[in-house]
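Each value in this text was obtained by applying a stated rule to the coordinates, not by laboratory testing. On a predicted model such as this, the values are computed, not experimentally measured, just so you know. In this analysis, Cβ positions are derived from the backbone assuming ideal geometry, glycine residues included, and neighbour counts consider all displayed protein chains.
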């Protein structure tokens, strides 16, 4: 392989791809040939080490040198081109067949020489015979089988109204492998003395096939061959195709770079939106924590206020009970004193009896007041317990709503994160392999599940919010009533006014006694009321007399 023309030039890392493309084009066109030593190969770019390699060993050698970090840029480029050629060009190069032995083409002398592209070969002197009034010859498929070691795409026999012309066009495709096969096709016929020069120079061509690679003179000459070439191809040089390929690669690289830049900008926008969303969520969570802390402090203050009011009422009731007990003790002492005085003096017996009756009435009233005080204490305790249960239920409901709100906010955060990941996966540059597609599908399914779960939670949360709103209204009303009751109970003049169903009204007795102008009407009314209450408790007592008149009971 002749590589001495480029040995003195040095390249930079940014020129590796361009230089690799040039060397690969020369390898594929046959301008640079791979040297062989029997069944082994020699690396053409390692001039100091003429080591023999098998094909697989040479592939490993080229791959290792091209990937080595301590190698120069030019050395990497030529070995990358060699590795690509061994993988693509040499693997697809024609092997010797049973009909002929392919001859390696000579290096291309003029890279500006015009060839017909897509690469085509001219095949002449195809055997024909006269039959049924026209010339017939071998079909294109049969000729393709004979030339199979040159890997043609197809062979097209040329026909006129007289039949087979004895000429055919061999198509080799548009890539560098096709050009290499076409040159091998030409070299094979030229080496055997059946090339274009031999066809033109010989007077007696015999029955052998002649073939060559179609060039500009074949394209521009008259005749059926040139007509087919002009109709199905164009004239291009190796340099033209190399430049065109470089331009295509540059456009492809530019387009890919533009796409990568667009996707990078989009990814940056997504990252900014993600950062903003995350910051907003963190701020919202911080505000929520502050609101929750303020709410808990307010609830704690309300509970302390309620406990103080309850304790104040209990203390006042205890004081009232102590006062009542003290008064009852005073009455007992006074009654004993009266008994002692009554025993000493008969003169004041009547007045003492009246005073004793008054004391008895007062004692009865005090007992009733004590009883009512005990009942009031019990009612207050029941009310306090009921308020505790209501507060506990309300706090439990609030805690449940807070947990649901936490779950909802956490779910919304997960949805936003999944959306961000999904968009990032969709816009990641590079080939979409099956693993990436599976990852995107998994993220899409997880996102849909989270959205469905959020919809269900929002529906449930809406229902609970409505119920909580109603409960809150009821709780506020009860709170107002409780505050009003506590203010009344904690006033300066505490008065317990609980009245049971069926209880006698002392005012009615007082009015009746005042109408009768009875002395000490209040005392008499209290005495009669107490007596009636005692009689009412007796199930055998009837306030009205029932008599029988003419067989009928009358009241």
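Between the stretch 250-284 and the stretch 170-229, what is the separation of their alpha carbon centroids in Å? When both Cα centres are located, 57 Å separates them.
Per 0.36 nm of contour for each residue apart, how much would the distance between residue 508 and residue 249 grow if the chain were fully extended, relative to their Cα-Cα spacing? Numbers along the way, then the final one.
Details: separation 259, 0.36 × 259 = 93.24 nm, distance 11.56 nm.
Between residue 508 and residue 249, full extension yields 81.7 nm more.
Residue separation times 0.36 nm, minus the C-alpha to C-alpha distance between residue 287 and residue 270: what's the value?
Full-extension gain reported as 3.6 nm.
Fully extending the segment from residue 323 to residue 113, taken as 0.36 nm per residue of separation minus the present Cα-Cα distance, adds 62.4 nm. Note on the stretch 114-232: Cα Rg divided by 2.2 N^0.38 Å, N the number of residues, gives 1.01.
Give the calculated FRET efficiency between residue 60 and residue 35 to the nearest 0.05, with a Förster radius of 22 Å applied to their Cβ-Cβ distance. Numbers along the way, then the final one.
Details: r = 18 Å, r/R0 = 0.82.
After rounding to 0.05, the efficiency reads 0.75.
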